1. For the stretch 158-184, enumerate the residues that are in contact with a strand residue (DSSP E or B) (Cβ under 6 Å, 6 or more places away or on another chain), outside any helix (DSSP H, G or I) and either free of Cβ contacts under 8 Å to residues at least 40 places away in the same chain or small (Gly, Ala, Ser) (or both).
2. State which residue is nearest to Gln316 (Cα to Cα) when the search covers only the stretch 154-175 and only residues that are surrounded by fewer than 20 Cβ atoms within 10 Å (Cβ to Cβ), among the aliphatic types (A, V, I, L, M) and at pLDDT below 90.
3. Exactly one condition in (1) under 32 Å from the mean Cα position of the chain (by Cα); (2) in contact (Cβ under 8 Å) with a residue 60 or more places away in the chain is not met by Thr695; state its number.
4. Is it the case that Ala531 is over 20 Å from Ser375 (Cα atoms) and surrounded by fewer than 17 Cβ atoms within 10 Å (Cβ to Cβ)?
5. Of all residues in the stretch 189-201 being touching a residue at least 24 places away in the same chain (Cβ under 8 Å) and more than 17 Å from Pro305 (Cβ to Cβ), which is surrounded by the most Cβ atoms within 10 Å (Cβ to Cβ)?
6. So which of Ser471, Ser549, Ser491 ends up being in contact with an Asp or Glu (Cβ under 7 Å, 6 or more places away or on another chain), among the hydroxyl-bearing types (Ser, Thr, Tyr) and surrounded by 15 or more Cβ atoms within 10 Å (Cβ to Cβ)?
7. Being touching a helix residue (DSSP H, G or I) at 6+ places or on another chain (Cβ under 8 Å) and modelled with pLDDT under 90 is the requirement here; does Ser178 meet it?
8. Are there any strands (runs of 3 or more DSSP E) wholly within the stretch 724-790 with 3 or more residues that are modelled with pLDDT of 90 or more and either hydroxyl-bearing (Ser, Thr, Tyr) or over 19 Å from Asn99 (Cβ atoms) (or both), and if so which?
Amino acid sequence: MATPLLYGQYSTPAGKVVPVPASRYLTPRTFRLQTKDTLVSAADTVAATAQAMAFTRQIGKPGYSSYVLKAPSPGSEGAQAMANLKTPAFTIHGNILYNVDYRSYIDTPYAEQDIYYHTLQTYWDVVYKNQLPVRIYLTNRFSNSAFTRQFTDVSMNWNSGDYHNRLQQVLNAWPSPSLPFDSVNRLQHQLEQVQLEKLQMMQWLQSSETLQRLINIRERELWAARNPVNVDTIWNFEQWELPGLQKPSIPGQLPLPDYLKKRSPSGNYNQPPVNLPPSPAEDSAFRKKYQEVKKLVDSLQQQLPRLEKAAREGKQWLAIQQQNERMQVSRLASANEMQREVQARQIPDSALPPGYRFLWAVKSFSIGRTVVNYSELTAKNVSINGVRLEYNPSWYLAVAAGTIDYRFRDFIVKNAAAPPQHLYLVRVGRGQMNGNNIILTWYTGKKQLYNSSGNSGGQVTQPDYRLMGFSLEGNYKLGEATLLTAELAKSSLPYYHQAGVQKNNLFSGVTRFSEHTNEAYSLKVQTAVKATGTRVQAFYKVYGAAFQSFSLITTGMQQKAWMVKADQPFLRNRLLVTASLKKNDYSNPAANTGYQNNIVFKSVQATLRVPRWPVMMAGYYPSSQLTSLGNGAYTENLFYTMVANLSHYYNVKGVGMTSTAMYTRFYNKQADSGFVYANTTNLQATQQLFYQKLTCRSTAAIALGSDYNLYTWDNEMQYTILQWLKAGVGVKYNYQTQYNIKQFGYKSMVSVVIKKLGEIQLMADKGFIPGANRRLVANNTGRFSFFRIF
């Protein structure tokens, strides 16, 4: 078949048809599948629209060439390739982990011996028809501890991020028709044609035949110059009498047939054949042709820089426009914006998954264990067992409902007598989640903060811990770098604050507008200054003494809090300094003696990153602990911690090394939290070595305390014996002053990778933890792990 013609829609002049090979202009998306030109055979154009190649915008239009997949013949290589392209109904990837931990002795939060913790965990990324992604989690933990909680969690989540990425890939595969692909390809084709023409001419100029012809012409010209004769007769060899060219007749020679004599100009075949040299006119014509080709090569050489520049600039401009389009696709927020982009790119519905507009607007959907994390005054970081949905086309809807089956530390500590808790929440608003919006939230449920420790022999009446509330939240973006969030909320009154309110009627407490103790306000600002690289965050919150929500613990005290945090880079982003100020106020207007906290928490951190130099970090952080003493009385412990860290990775004669040094200082007292190493200074240095299959690590640490000093030296090494086998050993040494105690420990590990099964790890460690009388006691630990990725 002849080279198909590709029509340039935006070519100049309009309507010009440029012959371009299809393999150069269009690249099939499917390997080893043949294509056909719809200009040659357009009968199946409409039926083959769903299988069109890239950039075929004008399928079925008169005068346009479009390439579609040819139906392969049965049994051919193309038919086998098509069979391999069948999309499976479900595609599953993920991992599975089984882990067993052993502790011979634990002291936090309770003292127990010979404890085993079993954890089975897996997640599956399930994709239906390569279009609908879902992630499934399963976690099960159990142990022989009398205090540790045993639980099983199952969760199924709509993977909106993966779905958005898949849909964005489809959009990026269909560039906008306004992009001049035809013009850029035409420039590239012209450049290739000029390069090919120049190459062919250069090959002719430099060929051996051309060079020999020029040498022969030059030799004849030199001979003619040295032997002057009549130019008109010098080339008439038939009039020359050259004995050397004559040959006597052969006796008995038969005469030549007449049909052979016609092949000789003179008909005299008694003389041997002579290859006559070209005439002067032929030499002159050859010389003229040679000079013309040289001039044409020079002309093409002068055209090449201009064409190369035009093609290069066209490709660069087109690449920039495509990158801008991809960035525009990545910033699509609403389903309406996405639909406008689909229409602008003229993408057929057959190239998009079914229901893509609806599914694009589903921001989250979870069944089972899920986290409700909406606003500061309603529900923040609350884990429930139930269902959660967020839908955001141009308006906003969120629904969450489930049970709260653990509270503070219940995830770790077993509490069989925990009362039931539940949460129901509905949010309705206008706008986009990541843009400007206004959202109204209604929440209700039951939040049991304290257990009744009543007498098991008598009946105990539980207080009414139900709550209800409303909030109105607004988010407004000031430009691209500033976000302002404001929220106000009003809740029902707690059971101890329901004087004058109809009992068992939460709504009446919410609508009691003369009461202001059940109100809360929040204001938050986030901004960035592009010129200086400064990032600032700030908030201010006020909680009434009777305000209730799932975001905070109601203490019966009015609470105020504010915070300012700033990140500032220096030295061309090599030095980053982060500083913050935070203040929390607590006051109880119902108590005779109120508690007020006017302490401002200060923290600062600096990180220096210089190429080929160690990374240095230093910080000063506060910690606080608020304890309720009952009857509105509180106590707060505050101490600061200073941390400095230096780490560096470098290479010495092909051996990778890492050096780390750390300094930690606790400015506290042992009475603050019972911390064993209270008011201590800790120094630690670690050196690691990576040499082919061998990894070594050595750590030295010093803890300087008020009661005793502790010196520790820990060494370990790991070696890859085989590709599927690793093993490691280590020793540790402790020296405790004041008591003059020297202790030795050990550790070992092995890792085995079994093909088609997974990886198995075994670890054993003999260490030391604080014990009675401020002495370290031995603690044996072990771990068995099985891990597989599929």
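The values are calculated or read from the model by the stated rules, or taken from the named source; none is laboratory data. Computed from a predicted model, the values in this text were never measured in an experiment. Every residue, glycine as well, gets a Cβ built from its backbone with ideal geometry; the counts of neighbours run over all protein chains shown.
1. Of everything in the stretch 158-184, just one residue is in contact with a strand residue (DSSP E or B) (Cβ under 6 Å, 6 or more places away or on another chain), outside any helix (DSSP H, G or I) and either free of Cβ contacts under 8 Å to residues at least 40 places away in the same chain or small (Gly, Ala, Ser) (or both), namely Asn159.
2. Per the criteria, the residue is Ala173.
3. Of the numbered conditions (1) under 32 Å from the mean Cα position of the chain (by Cα); (2) in contact (Cβ under 8 Å) with a residue 60 or more places away in the chain, the odd one out for Thr695 is (2).
4. Details: over 20 Å from Ser375 (Cα atoms): yes; surrounded by fewer than 17 Cβ atoms within 10 Å (Cβ to Cβ): yes.
It is true that Ala531 is over 20 Å from Ser375 (Cα atoms) and surrounded by fewer than 17 Cβ atoms within 10 Å (Cβ to Cβ).
5. Looking at the filtered set, the residue picked out is His189.
6. Values: Ser549 fails: in contact with an Asp or Glu (Cβ under 7 Å, 6 or more places away or on another chain); Ser491 fails: in contact with an Asp or Glu (Cβ under 7 Å, 6 or more places away or on another chain).
Answer to the selection: Ser471.
7. Details: touching a helix residue (DSSP H, G or I) at 6+ places or on another chain (Cβ under 8 Å): no; modelled with pLDDT under 90: yes.
Answer is no for this residue.
8. On the way: elements: 725-736, 741-754, 758-770, 776-789.
It comes to 725-736, 741-754.
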